[in-house]
Amino acid sequence: MNPLPILLANLQNGLRLAFFRQCKLEGFICSHDQFLLLLGLDLLFEIGSGYLLNLPAPTFQIYALPVYTFDLACFLIAIYLVAKIIRRENAVLQIAVVIYSLAPVLIVLQTLSRYLNEHEFAGWPDLGLWVGGTAAVYLLVLLGRGLYLVCDRLPTTAISVVLVLLSIDPAEWWFADYRDFWYPPDEQDSERSDSYVKYKDLDAEALLYRQPALLGEALNRLRPERKKHVDLFYVGFAGFATEDVFSIEVDYIKRLFDQRFDTAGHSLNLVNHLDTLADTPLATTTNLEVALKGIGKIMNRDEDVLFLYLTSHGSSDHTLSVEFWPLPLHDLTPERLKAMLDRAGIKWRVIVVSACYSGGFVDALKGPNTLVATAAAADRTSFGCGSESDFTYFGEAVFKEQLQNRFSLISAFRDAAVSIAKREQHEQLEASKPQLSVGPSIAPHLAALEKSLTQLQCGAERDKAKAC
């Protein structure tokens, strides 16, 4: 028997339901073939309506197909439960055919409602809202009318409506970004694509071969330690190339330390970013190890202090992301960092890790001569590392709020943690819980450094006053 006339008959009965004409369950031909045909028609309507909504040049999104399948699975589970409630095994197929016979009407209404919501009409600012509300009520009534044909009783129909409605929401909650088969061209996506063109045009081999020379030049510019003077050496490491916040942060901190913490001639940055390729070594684990060895050779290991600032994305397995696509770079682990510092022979260490889950670095790095500060606990994320940020929450609190007017690193980290907690509470974010580990030997050593920097600042201010 030709299934198309039967399909047309089912669709006609669906229209009778939609327009509140007399309709009986016996009028529907409920078979697996008919359900599959109605399902295919529903999918075509979904794809077609999405195309029309996103004209003139929509882009197809294949990820919507798994979401559509997930929707279908939830619906089938719901109507299976309905069949169990009303104790009729064939009710699953009956409900599926009846509901999907309404698919063309439902999708047309949803498409009209979305179109009116996305466009403004002069003199009718709330037209989309009114149409959308009316359509929602109408669709709810149609759902109840269709289920009543199968359930035949109001209590079981009400339960069935609730179950089917619950089966509609999960995909919207979890996969909202992939619900539509088509999406319009997006200016932000175009800009992002243009930026990746620059990465594709990179000569990766030449860039890697240039690193020894770039890093050698940076190390050659460093001045050796000063006799009878505790020097602070600064190294910044911005590990993630495609988000500006990390490179902005290390650039700001280097300038701050050069101006206030007397690190001019004792500081360098390693940065993964397109804008710094010509004059700044890449932030790779290899470059970091070479830089630490170089500093270890020119510093007085008995008294000078290294301030190492690492900023990037972090993972729950406690690795720091080192990324500059298309280069195949290695991420940084706390164990490898510890080994680098040990091989460099650097005794006095201030290590700051600004990343999600960065608290996982503390145990591997802590020691009597080491201060370790992290932006988050080992099981918490930190905030402010998105593309639209100029500073992470941690970096802003420590370096823009605290260290602009003080030299005490320990109190700066402690007060920054309090400031971050208040900000996160105000923004209703889960607390990142920055961590601080201060070795018993480094605390008095940093106090002596603080005193030296304070005296240096006072001397500079006196010289400036005399000049005036």
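The values are calculated or read from the model by the stated rules, or taken from the named source; none is laboratory data. None of the values given here were measured: they were computed from a predicted structure. With ideal geometry, Cβ positions are generated from the backbone for all residues, glycine too; neighbour counts draw on all protein chains shown.
Brief remarks on what is shown
- If you go through the stretch 48-79 and keep only what is of a type in the set (Ser, Thr, Tyr) and assigned to a helix (DSSP H, G or I), you end up with Ser49, Tyr51, Tyr68, Thr69.
- Residue match in the stretch 170-192 (condition: under 30 Å from Leu25 (Cα atoms) and either surrounded by 13 or more Cβ atoms within 10 Å (Cβ to Cβ) or at pLDDT below 80 (or both)): yes
- Test result for Lys464, more than 15 Å from Gly384 (Cα to Cα), part of a helix (DSSP H, G or I) and at pLDDT below 80: yes
- Cβ-Cβ contacts under 6 Å between residues 6 or more apart (or on different chains), taken from a first residue in the stretch 34-58 that is on the phi > 0 side of the Ramachandran plot and surrounded by 20 or more Cβ atoms within 10 Å (Cβ to Cβ) to a second residue that is not in a helix (DSSP H, G or I) and not polar (S, T, N, Q), are absent.
- Qualifying residue in the stretch 21-32 (condition: among the β-branched types (Val, Ile, Thr), surrounded by 14 or more Cβ atoms within 10 Å (Cβ to Cβ), in contact (Cβ under 8 Å) with a residue 12 or more places away in the chain and not in a helix (DSSP H, G or I)): yes
- Test: Phe407 is within 16 Å of Val230 (Cβ to Cβ), in a loop (DSSP other than H, G, I, E, B), modelled with pLDDT under 95 and not small (Gly, Ala, Ser): yes
- Residue among Ala416, Ala421, Ala377 that alone is of a type in the set (Gly, Ala, Ser) and not in a helix (DSSP H, G or I): Ala377
- Residue in the stretch 100-121 that is modelled with pLDDT of 90 or more and touching a helix residue (DSSP H, G or I) at 6+ places or on another chain (Cβ under 9 Å) present: yes
- Filtering the stretch 309-331 to residues that are surrounded by 24 or more Cβ atoms within 10 Å (Cβ to Cβ) and over 26 Å from Lys200 (Cα atoms) leaves Tyr309, Leu310.
- Test: residue in the stretch 393-412 that is surrounded by fewer than 20 Cβ atoms within 10 Å (Cβ to Cβ), under 16 Å from Gly314 (Cβ atoms) and either in contact (Cβ under 8 Å) with a residue 12 or more places away in the chain or not hydroxyl-bearing (Ser, Thr, Tyr) (or both): no
- Matching option when the condition is farther than 21 Å from Thr284 by Cα and in the same structural domain as Leu306 (by TED's automatic domain parsing), among Ala339, Ala344, Ala364, Ala377: Ala377
- Odd one out for Pro326 among (1) in contact (Cβ under 8 Å) with a residue 60 or more places away in the chain; (2) within 30 Å of Val230 (Cβ to Cβ): (2)
- Restricting the stretch 82-117 to residues that are surrounded by fewer than 16 Cβ atoms within 10 Å (Cβ to Cβ) and over 36 Å from the mean Cα position of the chain (by Cα) leaves a set whose member that is nearest to Gly50 (Cα to Cα) is Asn90.
- Top-ranked residue of the stretch 193-223 - restricted to ones that are part of a loop (DSSP other than H, G, I, E, B) and at pLDDT 90 or above, ranked as farthest from Tyr51 (Cα to Cα): Arg223
- Among the residues of the stretch 312-343, those identified as touching a strand residue (DSSP E or B) at 6+ places or on another chain (Cβ under 7 Å), part of a loop (DSSP other than H, G, I, E, B) and over 17 Å from Thr381 (Cα atoms) are Val322, Leu329, Asp331.
- Exclusive hit being at pLDDT 90 or above and not assigned by TED's automatic domain parsing to the domain that holds Asn272, set Tyr234, Tyr148: Tyr148
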